[in-house]
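Below is one structure, written out as structure tokens; the observations come after it.
The values are calculated or read from the model by the stated rules, or taken from the named source; none is laboratory data. All figures in this text were calculated on a predicted structure; none of them were measured in a lab. We place every Cβ from the backbone using ideal geometry, glycine too, and count neighbours over all the protein chains shown.
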Amino acid sequence: MTEEVPRRSITVTDPRALRAYAHPLRMRLIGLLRGEGPMTATQAAARLDDNVPNCSFHLRQLAKYGFAERVPGADGRERPWRATTQYTSWDDDSDDPAMRAATDEINSAMVDIYLQRARDYLAIRADEPTEWRAAAGFGDALLHVTTAELREITETVDALLARYDERIGDPAKRPPGSRPVTFVQMALPRGAAPAQEPAGGEGP
């Protein structure tokens with residue numbers, strides 16, 4: 001249902017909240033809630049092959065920092081949890097040492113999760129239908145761009161992906177034959193930064 005994701009995104013500015021989020025199980029829990037909708041700690045533990053007390057503890061920690069919240073249950077017993085937003089973002093350009101350390105921590109945790117997902121896919125890729133093997137996969141491109149151009153590319157990709165947001169919370173909007181796909185986006189500068197870049201990142 002569309003009301004299961006009240007907001008699209010939250011920008012975290014508190015390094016304590018970001019460090020709390022940068023826990024492998026907590027990130028998996030939020031990913032599960034965002035991808036499959038509200039569920040109880042018992043259901044989450046079964047999906048993640050973990051134990052209920054552990055999942056319950058980490059869900060409460062996520063709620064403490066605003067990443068998850070309780071919702072009414074169908075039977076009035078154990079109340080499910082849901083993610084408060086569909087995406088979490090943070091500023092990587094902070095000069096605050098605590099925030100820079102926190103962003104480094106969460107970015108590292110994300111890379112580990114993405115690598116594991118890639119390995120999991122490769123382990124079953126041979127069993128995938130031909131059309132899915134052809135549509136999925138890995139790739140990269142080397143670009144020579146300014147900071148303004150790189151921001152424009154990122155914003156363009158974000159806008160393209162946002163066109164599919166409504167399908168996350170509303171299964172009725174998912175076309176036949178669709179399935180969940182993790183789209184990983186990384187923009188990694190290479191080499192040394194230019195000695196001086198014109199204001200706004202534009203070239204002469």
Residue selected from the range 9-57 under the condition assigned to a helix (DSSP H, G or I) and in contact with a strand residue (DSSP E or B) (Cβ under 6 Å, 6 or more places away or on another chain), by the criterion modelled with the lowest pLDDT:
R34
I need a count of the residues in the range 170-187 that are loosely packed, with under 12 Cβ neighbours inside 10 Å and within 19 Å of R34 (Cβ to Cβ).
8
Which one of these does Y87 not meet: (1) more than 26 Å from A162 (Cα to Cα); (2) within 15 Å of the chain's Cα centre (by Cα)?
(1)
Selection within the range 63-89 - part of a strand (DSSP E or B), surrounded by 13 or more Cβ atoms within 10 Å (Cβ to Cβ) and small (G, A, S)
A68, A83
Taking the range 108-166, which residues are on the phi > 0 side of the Ramachandran plot and among the β-branched types (V, I, T)?
none
Tell me yes or no: at least one residue of the range 59-66 is in contact with a helix residue (DSSP H, G or I) (Cβ under 8 Å, 6 or more places away or on another chain), within 22 Å of D165 (Cβ to Cβ) and aromatic (F, W, Y).
no
Considering (1) under 22 Å from R34 (Cα atoms); (2) modelled with pLDDT under 95, say which one A193 fails and leave the rest.
(1)
On the basis of being modelled with pLDDT of 95 or more, surrounded by 13 or more Cβ atoms within 10 Å (Cβ to Cβ), in contact with a strand residue (DSSP E or B) (Cβ under 9 Å, 6 or more places away or on another chain) and among the basic types (K, R), does R60 make the cut?
yes
For T42, are the conditions met, namely being more than 19 Å from the chain's Cα centre (by Cα) and within 28 Å of R167 (Cβ to Cβ)?
yes
Residues that are of a type in the set (A, V, I, L, M, F, W, C) and under 30 Å from A192 (Cα atoms), drawn from the range 127-153
F138, A141, L142, L143, V145, A148, L150, I153
So is V157 touching a helix residue (DSSP H, G or I) at 6+ places or on another chain (Cβ under 9 Å), among the hydrophobic types (A, V, I, L, M, F, W, C) and farther than 20 Å from V12 by Cβ or not?
no
Helices (runs of 4 or more DSSP H) wholly in the range 115-169 with at least 2 residues that are surrounded by fewer than 11 Cβ atoms within 10 Å (Cβ to Cβ) - which ones?
130-135, 147-162
Could you please let me know if T154 is closer than 27 Å to R28 by Cβ and modelled with pLDDT of 90 or more?
yes
Could you look through the range 90-114, keep only residues that are in contact (Cβ under 8 Å) with a residue 24 or more places away in the chain, of a type in the set (G, A, S) and touching a Lys or Arg at 6+ places or on another chain (Cβ under 9 Å), and pick out the one that is surrounded by the most Cβ atoms within 10 Å (Cβ to Cβ)?
A102
